[in-house]
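Written below as structure tokens is the structure these notes are about.
The values are calculated or read from the model by the stated rules, or taken from the named source; none is laboratory data. Predicted, not measured: the structure shown is a model, and the values here were computed from it. Please note: Cβ atoms are built from the backbone with ideal geometry, for glycine as well, and neighbour counts cover all protein chains shown.
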Amino acid sequence: MAKTKMNQSRGLAKRIYRARQLYLILALPLIYLLVFKYYPMLGLQIAFKDYSITGGIWGSEWAGFKYFEKLFKDYNFKKIMINTLRLSLYSLGITTIMPVILALAINCVNNTKIKKAVQTITYLPHFVSLVVMVGIMNQLFNPIVGLYGNVMQQLTGERPVDIFGIPQAFLHMYVWSGVWQHAGYNAVIYIAALAGSDQELHEAAQIDGASRLQRVFYIDIPTILPTVIIMLILNVGRVMGIGFEKAFLMQNALNQSYSEIISTYVYKKAFGAAGNFSYSTAIGLFNSVINFILIIAVNKISKKVSETSLW
Amino acid sequence: MKRKSFKRKISSDKVLEIVLCVILVVVGIVVAYPLVNIFASSFSSTEAVMSGKVWLFPVDFTLEGYEAVFRNNDIWIGYRNSLFYMVLGTIINLVMTLLAAYPLSRSDMPGQGSIMLLFTFTMIFSGGMIPTYILIKDLGMLNTVWSMLIPGAIGTHNMIITRTFIINSIPKEMLEAAQIDGCSDFQYFLKMVLPLSGPVIAVITLYYAVGHWNSYMDAFMYLSNKNLYPLQIFLREILVSNKIDADLLVNEFGEVAAQGLAELLKYSLIVVATIPVMIIYPFVQKHFVKGVMIGAVKG
């Protein structure tokens, strides 16, 4: 008994020794991972401390749950939670479904010229940077010099109101500009799955007299459903972590009642007037934990219901 | 009777085809038209832009907007810095990603599974904005070029794509044969894995390079020295915050031009900033698609 155990550990030691060069190759990436990804996780402790520049992460005084209590009592708390959820659920729904519809439509069409052209055009905006994307929106929706202003003038005879001053408009512009930018690219994965699907099923269905539309519902959609679910889980993981960058770039004084979300609030509480790193970190941590729980829950539900899961 | 219903099915399919073709053409136009309009506006005169005359083609063709853009010193600084960050940053990314992906593709390495988990965990949980900022500050990287190159050295997703590719496309028998011939892991990595990983290296190079060119967040958080700013930061100032250097708005006669030039300049700037990506786009399109496919295989 003891002997086999010793043999085993000697076996392991041997295998480790044999893999020594692999560990050496991995050393640099591993150090990077620990320093730049895991050390900041230790830094999360300042959410429970009164962070001071002199004390740093380790030397600052413990403060308990002070900053979490402060968060729940913050008069902005309800607003930013609602804004975050509203923006992310809206965006989650639309950005999950639109690429699926686009892919089904492209797959359905026989005209290869139109197919190719639409695919090429719809990938293109994916590579435009976020800053330029927001810049494009600013120009196009400008009531005086933009396309939107021109169209409205042709239709109504006068210049329209500034759309950036309407808080609700932020929501739609955020989500639909995302569709404009990424739907084509995100459809690629579904188009490939559809192209690789079993053609005999289609032939059999055709012989049985199924129309193309029926085949979409009974063959195409079931084919890509697992992939759609995986994408949905991945997107749910981002629900609470919804992009700081885009919301921040699109934010202005007039649309804050809709555009102030948790991540932009984190930034403001840290670097704005009377910035407080501990409070800001507490808000960020609260956000990450909810996010983490969500992705695990959705993965579990999906595993039970559809037997598709990330892990 | 039967034949009749079969015919009807065919014709309903035809209707569907026509309807979908029309819808797809409309989608294509809706996606492309804003870009076409911006392109046309950038070559038009300020009067034409201000009075909303530009639809599909440039009106009163001029290069005024582009002249204003290229008079701007900041744009040149930004272009230079962005190129630098893109080239050097991508090289660092490639080296680090390959160094991580290869050992993690070897299931005979003890601890491979747990180290892999260590990597993937960072995809769903992170220290967040402030602790990372404090780290960069404590490392003395704040306001240096290193803050643009090192913190994002490995994109976990790209590392997983690379690892999946290595596992799936380089046969295990090759490693065994090489080992019998006395090939060390270093040699195998350099002489076999790297040459055979060409396709995936192309894919992640593109991902990383476009990522560097388009990113503004790290620079926004970590840089305050104007000489280090990448292009995207200057773009934000002009396109989003509307901060335009008054010098730019002086025309060739030395007069301060109207607000119109500021707007025209923005159109031209959008074109100038996006051109590098758009030029390489047709060549890389199929690689991106390939990347999506490799990434889709569950690792």
For this session: Check whether at least one residue in region A:217-228 is more than 13 Å from chain B (Cβ to nearest Cβ), over 20 Å from B:L24 (Cα atoms) and under 17 Å from the mean Cα position of the chain (by Cα), and report yes or no.
Result: no
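The rows are residues; the columns are (1) in contact with a helix residue (DSSP H, G or I) (Cβ under 8 Å, 6 or more places away or on another chain); (2) modelled with pLDDT under 80; (3) part of a helix (DSSP H, G or I).
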{"site": "B:G254", "(1), (2), (3)": "no, yes, no"}
{"site": "B:L261", "(1), (2), (3)": "yes, no, yes"}
{"site": "B:K266", "(1), (2), (3)": "yes, no, yes"}
{"site": "B:V272", "(1), (2), (3)": "yes, no, yes"}
{"site": "B:I275", "(1), (2), (3)": "no, no, yes"}
{"site": "B:M278", "(1), (2), (3)": "yes, yes, yes"}
{"site": "B:F283", "(1), (2), (3)": "no, yes, yes"}
{"site": "B:F288", "(1), (2), (3)": "yes, yes, yes"}
{"site": "B:G291", "(1), (2), (3)": "yes, yes, yes"}
Seminar exercise, completed: Conditions (1) assigned to a helix (DSSP H, G or I); (2) more than 11 Å from every other protein chain (Cβ to nearest Cβ); (3) of a type in the set (G, A, S); (4) surrounded by fewer than 21 Cβ atoms within 10 Å (Cβ to Cβ) -> A:S288 fails only (2)
Exercise. When you look at B:F119, is it at the interface with chain A (Cβ under 7 Å from one of its Cβ atoms) and at pLDDT below 90, yes or no?
Worked result: no
Seminar exercise, completed: How many residues of region B:62-95 are surrounded by fewer than 21 Cβ atoms within 10 Å (Cβ to Cβ) and within 18 Å of B:I150 (Cα to Cα)? The answer is 8
Problem set entry | Residue, nearest to the other protein chains (Cβ to nearest Cβ), within region B:34-57, restricted to residues that are more than 23 Å from B:F70 (Cα to Cα) and surrounded by fewer than 15 Cβ atoms within 10 Å (Cβ to Cβ) | B:K53
Exercise. How many of the residues in region A:135-179 are within 12 Å of chain B (Cβ to nearest Cβ), closer than 24 Å to B:S42 by Cβ and not charged (D, E, K, R)?
Worked result: 24
Problem set entry | Condition check for B:F189: surrounded by 13 or more Cβ atoms within 10 Å (Cβ to Cβ), in contact with an Asp or Glu (Cβ under 8 Å, 6 or more places away or on another chain), closer than 30 Å to B:W146 by Cα and in contact (Cβ under 8 Å) with a residue 60 or more places away in the chain | no
For this session: Filter region B:148-169 down to the residues that are away from every other protein chain (no Cβ under 11 Å) and among the hydroxyl-bearing types (S, T, Y), then identify the one that is surrounded by the most Cβ atoms within 10 Å (Cβ to Cβ).
Result: B:T162
Exercise. Only one residue in A:L310, A:L294, A:L249 is under 26 Å from A:S177 (Cβ atoms) and surrounded by fewer than 20 Cβ atoms within 10 Å (Cβ to Cβ), so which one is that?
Worked result: A:L294
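Residue-by-condition table, conditions (1) facing chain A (nearest Cβ under 10 Å); (2) without any contact (Cβ under 8 Å) to a residue 24 or more places away in the chain; (3) of a type in the set (F, W, Y); (4) touching a His at 6+ places or on another chain (Cβ under 6 Å):
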site	(1), (2), (3), (4)
B:Y66	no, no, yes, no
B:G78	no, no, no, no
B:F84	no, no, yes, no
B:N93	no, no, no, no
B:L98	yes, no, no, no
B:S114	no, yes, no, no
B:M123	yes, no, no, no
B:G127	yes, yes, no, no
Exercise. Would you pick out the residues in region A:129-150 that are outside any helix (DSSP H, G or I) and either buried (at least 22 other Cβ atoms within 10 Å of the Cβ) or not aliphatic (A, V, I, L, M) (or both)?
Worked result: A:S129, A:F141, A:N142, A:P143, A:V145, A:G146
